[in-house]
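Worksheet: the structure to be examined is printed underneath.
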Amino acid sequence: MTTLFEVYPENPQPRIIKQAADMLRKGAILAVPTDSSYALVCHLDDKNAVDRLRRIRQINDKHHLTLLCRDLSELANYARVDNRQYRLLKLATPGPYTFILEASKEVPKRLSHPSRKTIGLRVPDRKGLQLLLEELGEPLLATTLIAPGETEPLNDAESILERFPHELDAVVDSGACPSEPTTVLDLTPMAANNPPTLVRQGLGSLDSIGLQAQ
C-alpha cells in the first residue's frame with residue numbers, strides 16, 4: 001500500500017518530513033514534487049533501492065541518475081568543479097537545472113555513468129524538498145518521474161497513484177508542480193575551455209544564466 005503524505009507547500013509539516021526521511025533511510029522509493037516535475041527518489045547508498053528505482057522507470061545503468069543536493073557546498077563534495085563551472089552553477093542554483101559533471105571519489109562507481117565517470121547534480125528550489133534534504137543530511141538519488149512508454153513527466157499525486165498503484169512506497173502531495181523536466185547541461189567540456197553542451201531544454205532558461213541556445 002502506497003503512503004500518501006499531504007504536505008503544505010509553504011509550511012511543510014516537520015512530522016511528515018521526518019516520516020518521509022525515515023522511510024528513505026529504510027530503503028523506500030518516494031515520488032516527490034520538485035521545482036520542475038515530480039521525481040522518484042531513494043537513498044544514495046542503498047543498492048537495492050537504486051535497483052528498484054531503475055526497474056520502476058525501466059532504465060539501465062547508462063541512464064544518468066541525478067543527485068539532489070541542498071546547496072553548492074554539498075554538490076562540490078560529489079563532483080569535480082573548476083572556477084568557471086562554479087560561477088555558472090552559482091548563477092543557476094537553486095533552480096530547474098541538472099548539471100553533468102565529473103564525479104568525485106565520493107560517488108559510488110555504480111552510480112556514475114559507466115563509461116564517462118560523470119554524474120548529474122542539481123539543487124532544487126522547492127521548500128518541502130529542501131527540508132527533506134536537510135532532515136536527511138545528505139543528497140538523494142533521483143530521476144525524473146516519467147512512466148515507462150511515455151515521454152512527458154508526471155506532475156500531480158493523483159496521476160502518480162493511478163499510474164503506480166503498488167510500485168512506490170510513498171507519494172508526497174503538496175499540489176501540482178510544473179510538468180516540464182529540468183534543463184540538462186553537460187559542463188564537462190568547460191574543463192577544456194569549451195562551452196557547456198545543452199543535453200535537454202527544459203524549464204530552466206538559458207538566457208537567465210548567460211548562455212545562448214545551441
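The values are calculated or read from the model by the stated rules, or taken from the named source; none is laboratory data. All figures in this text were calculated on a predicted structure; none of them were measured in a lab. Quick reminder, even Gly has a Cβ in these numbers, built from the backbone with ideal geometry, and neighbours come from all protein chains shown. Heavy atoms of the whole protein, side chains included, go into the accessibility calculation; ligands, DNA and RNA do not. Shrake-Rupley method; radii C 1.70, N 1.55, O 1.52, S 1.80 Å.
Where the second residue is in a loop (DSSP other than H, G, I, E, B) and among the charged types (D, E, K, R) and the first is within 20 Å of L185 (Cβ to Cβ) and lies in the range 118-129, which pairs have Cβ atoms under 8 Å and are six or more apart or on separate chains? Within 8 Å, the pairs are V123/R70; V123/D71; P124/D35; D125/D35; R126/D35. For the range 143-157, state whether one or more residues are open to solvent by 40 Å² or more (accessible area, probe 1.4 Å), among the small types (G, A, S), in contact (Cβ under 8 Å) with a residue 24 or more places away in the chain and not in a loop (DSSP other than H, G, I, E, B). Checked against the condition, which is being open to solvent by 40 Å² or more (accessible area, probe 1.4 Å), among the small types (G, A, S), in contact (Cβ under 8 Å) with a residue 24 or more places away in the chain and not in a loop (DSSP other than H, G, I, E, B), the range 143-157 yields no hits at all. Do the conditions hold for D46, that is, is it modelled with pLDDT under 95, touching a Leu at 6+ places or on another chain (Cβ under 9 Å) and open to solvent by 30 Å² or more (accessible area, probe 1.4 Å)? In short, yes. Scanning the range 182-202 for residues that are open to solvent by 30 Å² or more (accessible area, probe 1.4 Å) and either of a type in the set (D, E) or within 21 Å of A31 (Cβ to Cβ) (or both) turns up just one, R200.
Residues that are among the aliphatic types (A, V, I, L, M) and over 19 Å from E152 (Cβ atoms) were ranked within the range 54-77; the one that is most open to solvent (accessible area, probe 1.4 Å) is A76.
On the stretch given as the range 18-41, residues that are open to solvent by less than 20 Å² (accessible area, probe 1.4 Å) and touching a Leu at 6+ places or on another chain (Cβ under 9 Å) total 16. In the range 166-181, the residue that is nearest to R55 (Cα to Cα) out of those that are at pLDDT 90 or above and open to solvent by 50 Å² or more (accessible area, probe 1.4 Å) is E167. The listed residues are E167, E138, E134, and the only one of them that is within 17 Å of the chain's Cα centre (by Cα), part of a loop (DSSP other than H, G, I, E, B) and in contact (Cβ under 8 Å) with a residue 12 or more places away in the chain turns out to be E138.
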